[in-house]
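Visitor: Dropping the structure in here first, questions after.
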Protein chains: 2
Amino acid sequence: MAKKVTVKESNLKQTISAHPRVIIEKVTPQIDGGIFPIKRVVGDRVVVRANVFADGHDQVKADLLYRMASESNWHKTPMKSLGNDAWIAAFSIEEHKNYVYTVRGHACEFSSWCHDLKKRVDAKRDAPVDLQIGSNLIKEAAGRAKGEAQDKLLSWAEDLVKKDHAIAIKLALSEELYQLMAEHFDLEKSVLYPQELIVHVDRVRAGFSSWYEFFPRSWGEKPGVHGTFKEAARILPKIAAMGFDIIYLPPIHPIGQAFRKGKNNATTCSPHDPGSPWAVGSKDGGHKAIHPQLGTMEDFRNFVKEAKQNNLEIAFDIAFQCSQDHPYLKEHPSWFSWRPDGTVQYAENPPKKYEDIVPFNFETKDRIALWEELKSIFIFWAKEGVRVFRVDNPHTKPFLFWDWVISEVKKEFPDAIFLAEAFTRPNIMYRLAKGGFTQSYTYFTWRNTKKEFEEYLTELAQTDASEFFRPNFWPNTPDILAEHLQHAKRPSFVMRAVLASTMSSNFGIYGPAFELCENQPFPGKEEYVDNEKYEIKAWDWDRAGNIKDVLTKLNKIRRENTALQVTRNIRFCKTSNDQILAYYKATPDFSNIILVIVNLDPHHTQSGHVEIPLHTLGIVNDKPYPAHDLLTGEKFTWLGEKTFVELNPVKSVAHVILLTKNVNRDHDFEYYL
Amino acid sequence: MAKKVTVKESNLKQTISAHPRVIIEKVTPQIDGGIFPIKRVVGDRVVVRANVFADGHDQVKADLLYRMASESNWHKTPMKSLGNDAWIAAFSIEEHKNYVYTVRGHACEFSSWCHDLKKRVDAKRDAPVDLQIGSNLIKEAAGRAKGEAQDKLLSWAEDLVKKDHAIAIKLALSEELYQLMAEHFDLEKSVLYPQELIVHVDRVRAGFSSWYEFFPRSWGEKPGVHGTFKEAARILPKIAAMGFDIIYLPPIHPIGQAFRKGKNNATTCSPHDPGSPWAVGSKDGGHKAIHPQLGTMEDFRNFVKEAKQNNLEIAFDIAFQCSQDHPYLKEHPSWFSWRPDGTVQYAENPPKKYEDIVPFNFETKDRIALWEELKSIFIFWAKEGVRVFRVDNPHTKPFLFWDWVISEVKKEFPDAIFLAEAFTRPNIMYRLAKGGFTQSYTYFTWRNTKKEFEEYLTELAQTDASEFFRPNFWPNTPDILAEHLQHAKRPSFVMRAVLASTMSSNFGIYGPAFELCENQPFPGKEEYVDNEKYEIKAWDWDRAGNIKDVLTKLNKIRRENTALQVTRNIRFCKTSNDQILAYYKATPDFSNIILVIVNLDPHHTQSGHVEIPLHTLGIVNDKPYPAHDLLTGEKFTWLGEKTFVELNPVKSVAHVILLTKNVNRDHDFEYYL
């Protein structure tokens, strides 16, 4: 939280002893005054900007200082002036450690002296006194230098006053002296920005991941019979073959019997209904146990192992809530709210009751024990090899709990990844991300028009949010069958797959509902009918019309093109048709450029011009250049900044074009990331 | 300066004992994280916005807290929700004291309970347990209440469980109970924004002033002979009659003889050249002395007295620099820089030399004595009744010196006003204002086109700058005859007078050069030829073509229309012609509305449509409404949002229209200031 600031009496002695003439303002990135860290993954870079200026006449220099938090010395890189007192520089994240950065400025007396000397020389004004002044500045610097540098500076100081005037001037203005002086400026006259800003660094997968959510219990060998981990493991290679790298499992804990929901969320259930996995806890155990019908702890360990062998990581569902049968209710009644009539306070959104779900009372007097126990659930599963946690409804629990528990878990498991499942107001979603969540669900699911996509992605990629909020785009989830996918045909599913996987470096699907183009809603709701949350499904994974081939290709394109492994590099292109959305992503050096053009109308062929900023991308404007569609394999030759496209949704909903720069850009686009 | 923030280890015990669920973010106005105060004058108000939200389900409330810094208790005003977690409220500055403000939020359990109860009742669900829960909440609140309120709450708590169900429900949802509960919510569960943000409050003239700069020595009784305070006093009533309220005098101290500049800034001078008043100091004294040719200290006191009798205040020129004859050079050689050849370091901008001016070395080892002496200059003149200081070139002296000295002087003289004469880069001008300068010179002089005015005034009125930077618009100064006034005719001078006096609540002119439409430049420079800085002028104040009548009218309009006494209320209107600039200013309640329409082309008649936002201004759209031109006295009747205007620059350069609201606006414009 912010620090308390009070009105301070000015104090001459204190003010005057520091008397720094340099002001450093507006250092960015900086989240809420530096209270929260920015986020990066290993291999990313951080572009730092600041306003640095001084009173008086001296020229100003600025350095970016950065280090791993664990290092004791700063690395230094000179900042580049952008004019009007704005400066810029960047540094790279090389290790999976947190970094800190700040800015140092100094008024450079010697640089100002050189500047004035040049003007005197140009005006043919003799400058013997000035050479003496310069010599004194060099002597002072020599006093701060050591060894060879000191000797060199001393000899320079002497030459400036002893040598012939013309030679002395030449020596005074030499680049070598300038550099040497720059290395030995008076640190006491420099100003350090008073905040050390923090970069929270995650492993690479935090920034680039493809999630596949599925219910293992639907993958038994006999259709309709509760599946086990052993049985479900057989589909892991198939998911891996589609190019996904994270398997997200709904809760795998014992499911409560009390108030168990039936098919389609019915309030009564038949004896064979399996119940919602989110009603955690029964006589068989709670958040550290495994639902007996899925297998044993040993079976789960084997499942994790098999996933690993397929280069798949398991993402675990953390749903901090209990069924009324959860052992916690008896063992720790103080962790829940009890009503005056002696019954437990179940979840409610009046007049609706969710009697199968009991929330924790995070404000209970016994909360230290509660919070510690919840933390131990993360630690328990992390020790079982699970390092990715998808957290259910985090916004209904205290922000401060997440701030604390995520930081605690990361102390022990720095590779832990936390995905916040919060579909609520923007400030709340952002606050969860600031507090430590690695990735976040987004509003992608409800963005449809070109304007909506451009505005939302510009917010995510080009505001402060891009520094701490890592979007994860989901076209569907077991909870959400968005209106545009209800009764929709294949092109709609392909379109959402292209959008999710190329706009956001992190994306996920709930399968196989998604790749099978499952499109039947529960009437009047944005939900699936016969929802898998409440029943065991038998999926025909090779069902006609599925889009497994498209997903496989998209994941391959994502792996092979690093431009798609970042989200905050997305920029939009102008198009002449509102049904045609176009955007590009590039690496900071523009060695990899992907241009995506999508027909947002799944029902009709749409065409129009797309404006491609060739100059920005480093492509010569007046010669033909190749454009390779990685999705269809087609190779085009384009000319000029305006390209005509026509997309028939049945044939191909989108172009995913690889462009190649053919000139080194000679302009200032080097800091766009 | 900002506080050092370090990476803190999270600590369960600490986190969990506070467990506030409310987050307060983006509290504005807030300058650089609250390091610097915002500025207001007595009578202004402060509109505060914040994002306030909570995790969990409870409804959130927010209060604006404010007080005079010297008060110990907060005043409280409930904030209004703007949706999406944004809240707004305002408070008024009633006394000439500094204020502080902050925001408090709390999750309101009782309010949430009422909300749920209503939904249960609507769904015809019986709620005996819920009434019991509500009763308990009321009992808890009673524990925090006293006297009558406590009794009332206890009886309510009892009624809720004892009375007939329908009656109990009605009681539970009564407005009276709701208010009582709101007054006794659990303060321990509320969250206070950790910063107390400061409002620096000045007297009214800091925000609304009309400056008139002139050289007393040019107003002797015999033309061309050095005038005295006694003689110059005779023009004070005439300046007052034009409606100005601040008389700004160039330095009145003894002028150096060494390197004295001659006519037109010549490096040699004749024995009769009076010298530049900015070359301060001679054998007759320094910054606390009066130039003998102007008179004695007693004469100055009388001049100040006569000014006061004319409702004029004296603004004193503070030029912290010395002529080579200044007594300081001998008495305090350590306050200056000395070159290796034993000569003093005079001002230089190589290859130009300003040998008549010696700057102080603010970084001298003896700087405590220097800074204290400079402070004593302010105090000396403040004790002589001068409370307005126009500071010459503050950006060449340390920011920290100004931060300190302004705060020191204001401790003793809270009514002191400081105007920063800095024409340099925006960040530097803004930093001086943040550090304490009351008013600031601006780029107004170099803004000419409609686009330039709209952009600049939008920056000054609608960004952070509006909170700490008080513009003072000068169409001319003794240093600046801008290109557009060189060889210009009367309409150009009238245009700049209208723009300066109606865009900015603080404006000034260098007279009588301005009102006499003096337009002869020094060839190739943005300066006057035969500059009054270097010679004694004999002005014919009644010269034909003067614009004294226009200035008199403009100052009268400014005094009579409070909308013009603020700068940050300026908003622009669309016009169909780029030569027609239109803007309005209104009081927060729209009881006074001034619409200004200016022809920016001094040579040709220009016409076009102006779009007047009638709805915003509270004027009915479908009926004729009166528009009264205060400049010409003409009365128009207009209809609708688009008005056609035609301005012949010779006849009238501008309309200054008084509009009158005729409906109470039923929408959300109440916080535009």
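Visitor: Which shape class applies to the stretch B:456-530: rounded if a/c is under 1.5, otherwise prolate when a/b exceeds b/c and oblate if not, where a ≥ b ≥ c are the square roots of the Cα gyration tensor eigenvalues?
Guide: Prolate is the answer for the stretch B:456-530, as a/c is 1.5 or above and a/b outweighs b/c.
Visitor: Return one quarter of the surface area of the convex hull spanned by the alpha-carbon atoms of chain A, equal to its mean projected area, in nm².
Guide: If I average the Cα hull's projected area over directions, I get 38.3 nm².
Visitor: Go ahead and run the numbers for FRET between residue A:578 and residue A:118, Cβ-Cβ distance against an R0 of 60 Å, rounding to 0.05.
Guide: Here the calculated transfer efficiency is 0.60.
Visitor: Between residue B:529 and residue B:560, 0.36 nm times their residue separation minus their Cα-Cα distance comes to what?
Guide: 7.4 nm
Visitor: Expressed as a whole number of Å, what is the distance separating the alpha-carbon centroids of the stretch B:585-612 and the stretch A:558-637?
Guide: One Cα centre to the other: 47 Å.
Visitor: Using alpha carbons only, how many angstrom separate the centre of the stretch B:135-179 from the centre of the stretch A:52-111?
Guide: One Cα centre to the other: 61 Å.
Visitor: Further question on the same structure: Taking Cα atoms, how many degrees apart are the long axis of helix A:399-412 and the longest axis of chain A, rounded to 10 and kept between 0 and 90?
Guide: In chain A, helix A:399-412 runs at an angle near 80 degrees to the longest axis.
Visitor: Excluding same-chain residues fewer than 8 positions from residue B:124, which lysines have a Cα within less than 19 Å of its Cα?
Guide: Hits, sequence-local ones excluded: A:352, A:353, B:163, B:170.
Visitor: In terms of modelled amide H atoms, which long-range or inter-chain residues lie less than 5 Å from the amide H of residue B:319?
Guide: Those lying under 5 Å, H to H, from residue B:319 are B:392.
Visitor: So what are the three principal axis dimensions of the protein assembly as shown from its Cα atoms, in whole Å, longest to shortest?
Guide: Projected onto its principal axes, the Cα set of the protein assembly as shown covers 115, 84, 60 Å.
Visitor: Could you state the angle between the C-alpha long axis of helix B:147-162 and the longest principal axis of the C-alpha atoms of chain B, as a value from 0 to 90 degrees rounded to the nearest 10?
Guide: 40 degrees
Visitor: Which links in A:189/B:410; A:365/A:397; A:61/B:525; B:263/B:397; A:330/B:189 stretch past 22 Å when you go from one Cα to the other?
Guide: Over 22 Å apart, Cα to Cα: A:189/B:410; A:61/B:525; B:263/B:397; A:330/B:189.
Visitor: Relative contact order of the stretch A:335-466, please, whole-number percent, based on alpha carbon pairs below 8 angstrom and at least 6 residues apart.
Guide: For the stretch A:335-466, the relative contact order is 16 percent.
Visitor: Now for a separate question. Starting from one equal scatterer on each C-alpha and no solvent at all, send me the Debye-based log10 I(q)/I(0) for the stretch B:133-183 at q = 0.17, 0.21, 0.29 Å⁻¹, two decimals.
Guide: Those come out to -0.42, -0.64, -1.16, one per q.
Visitor: Something else: Based on Cβ point charges of +1 for Lys and Arg and -1 for Asp and Glu, what charge dipole magnitude is obtained for the stretch A:18-201 about its Cα centre, in debye rounded to the nearest 20?
Guide: In debye, rounded to 20, the stretch A:18-201 gives about 300.
Visitor: According to the Kirkwood expression over distinct Cα-Cα pairs, how big is the hydrodynamic radius of the stretch B:571-659, in Å?
Guide: 13.2 Å
Visitor: Which of the three applies to the stretch A:83-169, rounded, prolate or oblate, going by the alpha-carbon gyration tensor with a ≥ b ≥ c and a/c under 1.5 meaning rounded?
Guide: It is oblate, given that a/c is not under 1.5 and a/b is not larger than b/c.
Visitor: Between residue A:126 and residue B:80, what is the label-to-label distance in nm when each label sits 7 Å out along the Cα-to-Cβ direction?
Guide: Taking the two extended label points, one gets 7.6 nm.
Visitor: Measure nothing but the geometry: give the 0 to 90° angle between the long axis through the Cα atoms of A:367-383 and the longest principal axis through the Cα atoms of chain A, rounded to 10°.
Guide: That works out to roughly 90 degrees.
Visitor: How big is the stretch A:242-382 in terms of Cα radius of gyration and Dmax, in angstroms?
Guide: Taking only Cα atoms of the stretch A:242-382, I get Rg and Dmax of 16.4, 54 Å.
Visitor: Right, here's the next one. Where the eigenvalues come from the Cα gyration tensor of the stretch B:540-592, what are the semi-axes √(5λ) of the equivalent ellipsoid, largest first, in whole Å?
Guide: Here the semi-axes work out to 27, 19, 7 Å.
Visitor: What is the spin-label model distance, in nm, from residue A:449 to residue A:544 if the labels are put 7 Å beyond Cα along the C-beta direction?
Guide: About 3.7 nm separates the two model spin labels.
Visitor: Please compute the Kirkwood hydrodynamic radius of the stretch A:314-400 from all pairs of different C-alpha atoms, in Å with one decimal.
Guide: 14.1 Å
Visitor: To continue, here is another question. For the stretch A:571-659, calculate the relative contact order in percent as a whole number, restricting contacts to Cα pairs under 8 Å that are 6 or more residues apart.
Guide: 32 percent
Visitor: What's the local net charge at residue A:542, with K and R +1, D and E -1, over the other residues with C-beta under 12 Å away?
Guide: Summing Lys/Arg as +1 and Asp/Glu as -1 gives 0.
Visitor: Would you calculate the separation in nanometres between label points at residue A:337 and residue B:170, each defined as 7 Å from the Cα along the Cα-to-beta-carbon direction?
Guide: 2.8 nm
Visitor: Could you work out the relative contact order of chain A, using alpha carbon pairs under 8 angstrom and six or more residues apart, expressed as a whole percent?
Guide: 10 percent
Visitor: Quote the convex hull volume per residue of the stretch B:18-201, based on C-alpha atoms, as a whole number of Å³.
Guide: 136 Å³
Visitor: A further question follows. Arrange B:211, A:338 by Cβ neighbour counts within 10 Å, fewest through most, would you?
Guide: So the residues, fewest neighbours to most, are A:338, B:211.
Visitor: By its C-alpha gyration tensor, with a ≥ b ≥ c as the square roots of the eigenvalues, how is the stretch A:326-478 shaped: rounded for a/c under 1.5, else prolate for a/b larger than b/c, else oblate?
Guide: oblate
Every read-out reported here was derived from the displayed coordinates using simple, explicitly stated rules and does not represent laboratory data. Quick caveat, the model's predicted, so the values are computed rather than measured. For neighbour counting, all protein chains shown are included, and Cβ atoms are generated from backbone atoms with ideal geometry for every residue, glycine included.
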